[in-house]
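The values are calculated or read from the model by the stated rules, or taken from the named source; none is laboratory data. Keep in mind that what you see is a predicted model, and the values were worked out from it rather than measured. Here the Cβ is made from the backbone with ideal geometry for all residues, glycine too, and neighbour counts use every protein chain on show.
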């Protein structure tokens with residue numbers, strides 16, 4: 001973290017995580033891996049953080065793996081395998097983070113950078129955002145979970161087309177196919193992402209977090225297993241102080257702590 005290649009800023013209850021290697025289009029290197037491991041852990045443990053905005057510096061989101069970063073003197077196959085496994089640590093923590101995560105994508109989200117964007121629950125794109133599954137261009141299969149999450153976002157056939165073509169997807173198409181939830185002018189991107197994140201300020205954090213963790217596994221969990229998870233988690237909710245106060249307010253006809261929010265998109 002000494003290189004400051006990832007920055008963390010608190011704005012109210014929102015943690016803003018910024019990939020900060022603009023000279024390399026925020027490509028993932030070892031310094032980002034180490035910084036993200038620490039930062040995601042800090043955000044997870046900070047109970048005052050209710051939502052996260054993930055973005056990139058310098059007009060781009062993330063150009064994927066830094067292909068010029070190390071490995072020249074190592075046995076390349078094992079080097080690449082170990083590198084991916086190392087990145088899987090922070091990436092999995094981010095994907096499973098029990099708080100709403102919003103990717104604010106400006107410029108290019110390329111290769112593993114596209115995977116990082118899709119680690120979020122929601123994507124807000126600028127009108128100049130570009131999404132590219134560029135792996136085939138350099139003789140790689142998609143990695144950092146892209147083959148898992150992309151079909152769940154856009155459907156299997158659409159995901160195959162995106163991966164096989166390695167083409168550039170502009171913001172308006174990303175919105176149309178469900179790769180992004182909203183598109184805003186580039187100069188409004190940060191504010192739009194923060195406004196969205198701040199809608200969760202008074203939401204029951206553990207409720208959203210546990211619901212997220214279960215829904216992230218919906219497609220590989222059978223109905224009966226999901227019902228067991230649902231029942232166990234509902235028991236935890238029923239024993240919480242938040243639930244007790246929310247129920248009390250309901251019967252007292254008082255304003256709720258979290259009245260819900262307007263349509264998110």
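Would you confirm whether or not region 242-265 contains a residue that is closer than 16 Å to residue 103 by Cβ and in contact with a strand residue (DSSP E or B) (Cβ under 8 Å, 6 or more places away or on another chain)?
Looking only at region 242-265, we keep the residues that are closer than 16 Å to residue 103 by Cβ, and these are 264-265.
After this cut, where a residue has to be in contact with a strand residue (DSSP E or B) (Cβ under 8 Å, 6 or more places away or on another chain) as well, the list is 264-265.
Among the residues of region 242-265, at least one is closer than 16 Å to residue 103 by Cβ and in contact with a strand residue (DSSP E or B) (Cβ under 8 Å, 6 or more places away or on another chain), which makes the answer yes.
Keeping to region 1-26, report how many residues are farther than 27 Å from residue 198 by Cα and either touching a residue at least 60 places away in the same chain (Cβ under 8 Å) or touching a strand residue (DSSP E or B) at 6+ places or on another chain (Cβ under 6 Å) (or both).
Of the residues in that region, 1 qualify.
Give 66, 127, 82 a once-over and let me know the one that is touching a residue at least 24 places away in the same chain (Cβ under 8 Å) and surrounded by fewer than 18 Cβ atoms within 10 Å (Cβ to Cβ). Step through it out loud before you land on a result.
Details: 66 fails: surrounded by fewer than 18 Cβ atoms within 10 Å (Cβ to Cβ); 82 fails: touching a residue at least 24 places away in the same chain (Cβ under 8 Å).
Selected residue: 127, the only one of 66, 127, 82 that is touching a residue at least 24 places away in the same chain (Cβ under 8 Å) and surrounded by fewer than 18 Cβ atoms within 10 Å (Cβ to Cβ).
Considering region 53-68 alone, what residues qualify as being at pLDDT 95 or above and outside any loop (DSSP other than H, G, I, E, B)?
Across region 53-68, the qualifying residues are 53, 54, 55, 56, 62.
Out of region 21-32, which residues are surrounded by fewer than 18 Cβ atoms within 10 Å (Cβ to Cβ) and touching a helix residue (DSSP H, G or I) at 6+ places or on another chain (Cβ under 9 Å)?
30 - this is the single residue of region 21-32 that is surrounded by fewer than 18 Cβ atoms within 10 Å (Cβ to Cβ) and touching a helix residue (DSSP H, G or I) at 6+ places or on another chain (Cβ under 9 Å).
Tell me the residue from 42, 35 that is assigned by TED's automatic domain parsing to the domain that holds residue 152, in contact with a strand residue (DSSP E or B) (Cβ under 9 Å, 6 or more places away or on another chain) and surrounded by 18 or more Cβ atoms within 10 Å (Cβ to Cβ), please. First the steps, then the outcome.
Values: 42 fails: surrounded by 18 or more Cβ atoms within 10 Å (Cβ to Cβ).
Among 42, 35, only 35 is assigned by TED's automatic domain parsing to the domain that holds residue 152, in contact with a strand residue (DSSP E or B) (Cβ under 9 Å, 6 or more places away or on another chain) and surrounded by 18 or more Cβ atoms within 10 Å (Cβ to Cβ).
With the structure loaded, tell me whether residue 144 is in a loop (DSSP other than H, G, I, E, B) and modelled with pLDDT of 95 or more or whether it fails that test. Talk me through it step by step, then tell me what you get.
Details: in a loop (DSSP other than H, G, I, E, B): yes; modelled with pLDDT of 95 or more: yes.
Considered against the rule, which asks whether it is in a loop (DSSP other than H, G, I, E, B) and modelled with pLDDT of 95 or more, residue 144 comes out as yes.
Check whether at least one residue in region 167-184 is modelled with pLDDT of 95 or more, in a helix (DSSP H, G or I), within 14 Å of the chain's Cα centre (by Cα) and buried (at least 22 other Cβ atoms within 10 Å of the Cβ), and report yes or no. Even if it seems obvious, please write down each step before you answer.
First, pick out the residues of region 167-184 that are modelled with pLDDT of 95 or more: 167-184.
Checking the rest, the ones that are also in a helix (DSSP H, G or I) come to 171-177.
Pick out the ones that are also within 14 Å of the chain's Cα centre (by Cα) and you get none.
No, the conditions are met nowhere in region 167-184.
Among the numbered criteria (1) modelled with pLDDT under 95; (2) closer than 30 Å to residue 206 by Cβ; (3) in the same structural domain as residue 169 (by TED's automatic domain parsing), which single criterion is violated by residue 83?
Of the numbered conditions (1) modelled with pLDDT under 95; (2) closer than 30 Å to residue 206 by Cβ; (3) in the same structural domain as residue 169 (by TED's automatic domain parsing), the odd one out for residue 83 is (2).
Sort out which residues of region 1-22 are modelled with pLDDT of 95 or more and outside any strand (DSSP E or B), and write them in order of number.
Going residue by residue through region 1-22, those that are modelled with pLDDT of 95 or more are 5-22.
Residues satisfying the conditions are 5, 12, 13, 20, 21, 22.
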